[in-house]
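> Sharing a structure below in structure tokens format, with a few things to ask.
The values are calculated or read from the model by the stated rules, or taken from the named source; none is laboratory data. Just so we're clear, the structure is a prediction, and the values are computed from it rather than from any experiment. For neighbour counting, all protein chains shown are included, and Cβ atoms are generated from backbone atoms with ideal geometry for every residue, glycine included.
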Amino acid sequence: MDETTPGEWRTTPQRTAVLTALRACDGFISAQTLHAALVADGVAVGLTTVYRTLRLLETAGHVDVVRDSDGERLYRPRPDEGHRHYLVCRECGLSLAVDAEEVERWVTRTARDIGFHAVTHTVELTGVCGGCLSGPDRRPAPDT
């Protein structure tokens with residue numbers, strides 16, 4: 001992010017801190033969790049600023065967004081290669097990028113056939129990862 005980012009982006013210390021903290025995350029993170037991490041690090045930033053900054057980053061195409069099982073939006077920086085799709089574990093939040101070329105071709109073909117332009121899309125894939133499925137609390141109880 002820099003001064004040339006489209007939309008209402010103005011570089012401020014708070015927005016820079018939000019972006020830096022977001023880039024330091026390993027996976028998807030909620031605005032509230034990101035805000036709590038910033039406050040814990042001594043950054044004076046309001047939750048509204050975190051939400052507003054994430055929304056601006058989303059609008060500018062600089063973050064990928066998924067929803068957790070409660071419907072909360074989770075954010076992560078978009079890779080340089082662009083828009084990605086993820087498979088997200090509903091239990092632990094593990095997120096893995098998936099090859100979605102067929103989805104992209106379908107979106108392009110459908111938009112072209114119907115006559116739409118500048119189409120965006122969201123595909124959310126959720127499940128339970130192998131680690132959560134095989135964890136001790138996931139094993140069937142023995143018959144008694």
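> Which of the following residues is surrounded by 12 or more Cβ atoms within 10 Å (Cβ to Cβ), touching a helix residue (DSSP H, G or I) at 6+ places or on another chain (Cβ under 7 Å) and closer than 30 Å to L133 by Cα: V18, V45, V65?
V65
> Restricting to segment 24-42, what's the tally of residues that are in a loop (DSSP other than H, G, I, E, B) and free of Cβ contacts under 8 Å to residues at least 12 places away in the same chain? Steps first, answer last, please.
Residues of segment 24-42 that are in a loop (DSSP other than H, G, I, E, B), as a first pass: 25-28, 41-42.
Going one step further and asking which of them are free of Cβ contacts under 8 Å to residues at least 12 places away in the same chain, we end up with 26, 42.
Number satisfying all stated conditions: 2.
> Given the conditions (1) of a type in the set (F, W, Y); (2) part of a helix (DSSP H, G or I); (3) modelled with pLDDT under 90, and given that Y51 satisfies all but one, which numbered condition is not satisfied?
Condition (3) is where Y51 drops out.
> Right, something else. Determine whether R10 is in a helix (DSSP H, G or I), modelled with pLDDT under 95 and not assigned by TED's automatic domain parsing to the domain that holds L96.
Values: in a helix (DSSP H, G or I): no; modelled with pLDDT under 95: yes; not assigned by TED's automatic domain parsing to the domain that holds L96: yes.
No, not satisfied.
> Let me ask something additional. If you go through segment 73-99, how many residues are surrounded by 17 or more Cβ atoms within 10 Å (Cβ to Cβ) and small (G, A, S)?
The qualifying residues number 2.
> Condition check: over 30 Å from P13 (Cβ atoms) and part of a loop (DSSP other than H, G, I, E, B). Does C132 satisfy that? I'd like the intermediate steps shown before the answer.
Values: over 30 Å from P13 (Cβ atoms): yes; part of a loop (DSSP other than H, G, I, E, B): no.
Judged against the criteria, C132 is not a match.
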